[in-house]
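Remarks on the structure that follows.
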């Protein structure tokens, strides 16, 4: 029996297509859309130019921004419609561990621990995976200026950090989607198959890795 998740999160590394898929899912489900507002972070472009100097303020800004967005949801929880978001609060630590030094990380953890207490849990997380060369191609295609000079080594480390994070993740039901050879954002048959799979999941860890030749 199919059931639409009340609070669905789409996650994955930079360039994997989580925002585009979130938009499409929100439309299909008639859900409210909650997007990460990266363009509002005044330190992000500086981070891409000078990672060491801007890592901590960029990370702290994102942490506070995400917490504010999600805490507002909890305050109106009884009245909100279905929700699709393109970020998971828990994954903020993925970037922190990758970008911050030991002293910065210790301070970050103190702030994170306080904020995490009031964050609602999703009903389902969809984790999109793709190899680095696919991520690079998608980043190039979408053409955001400050992303174009991204170090491939950083993207590789980020992808590996996501894999480690979701290997241990048990905060919500999880669907792991391999997008290396499929693109459910742009391919309608692949999208419909994923849509059906999402509505089947109630608990546990699941995988979505269809052959594009079988669709």
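Coordinate-derived values only; no laboratory data. These numbers were taken from a predicted model, which means no experiment stands behind them. Please note: Cβ atoms are built from the backbone with ideal geometry, for glycine as well, and neighbour counts cover all protein chains shown.
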Checklist line | Cα-based shape type of the range 80-186, given that a ≥ b ≥ c are square roots of the gyration tensor eigenvalues and the cut on a/c is 1.5 | finding: oblate
Next item on the list: Give the peptides 52-60, 27-35 in descending order of average Cβ contacts within 10 Å, highest first.
Entry: 52-60, 27-35
Notebook entry, point to check: How would you rank 169, 7, going from fewest to most other Cβ atoms within 10 Å of each one's own Cβ?
Noted result: 169, 7
Checklist line | Point-to-point label distance, residue 46-residue 148, nm (Cα→Cβ direction, 7 Å offset) | finding: 2.3 nm
Note to self: Could you give the length gained by full extension between residue 73 and residue 160, i.e. 0.36 nm per residue of separation minus their alpha carbon distance, to one decimal place?
What the structure shows: 28.3 nm
Item checked: Label point at residue 97 placed 7 Å out along Cα→Cβ; residues across the range 120-163 whose backbone nitrogen lies under 15 Å -> 157-163
Item checked: Residues residue 188 and residue 105, FRET efficiency given R0 of 41 Å [Cβ-Cβ distance, rounded to 0.05] -> 0.40
Margin query: I need to check one value: relative contact order of the range 111-183, counting alpha carbon pairs closer than 8 Å and at least 6 residues apart, in percent.
Written below: 58 percent
Notebook entry, point to check: In which sequence would 37, 18 go, from the one with the fewest C-beta neighbours within 10 Å to the one with the most?
Noted result: 37, 18
Item checked: Mean separation of Cα contacts under 8 Å (6+ apart) over length of the range 7-214, as relative contact order % -> 28 percent
Check: So, in nm, how far is label residue 33 from label residue 3 when the simple model puts each one 7 Å beyond its Cα toward the Cβ?
Finding: 2.7 nm
Check: If you stretched the chain out fully between residue 113 and residue 203, how much longer would it get, using 0.36 nm times the residue separation minus the C-alpha to C-alpha distance?
Finding: 29.8 nm
Item checked: Exposure proxy ranking, count of Cβ atoms within 10 Å, fewest first, for 84, 10, 134 -> 134, 84, 10
Next item on the list: State the Cα centre-to-centre distance between the range 95-110 and the range 162-215 in whole Å.
Entry: 30 Å
Note to self: Connecting C-alpha atoms closer than 10 Å in a GNM of the chain, tell me which of 193, 174, 88 has the biggest fluctuation.
What the structure shows: 193
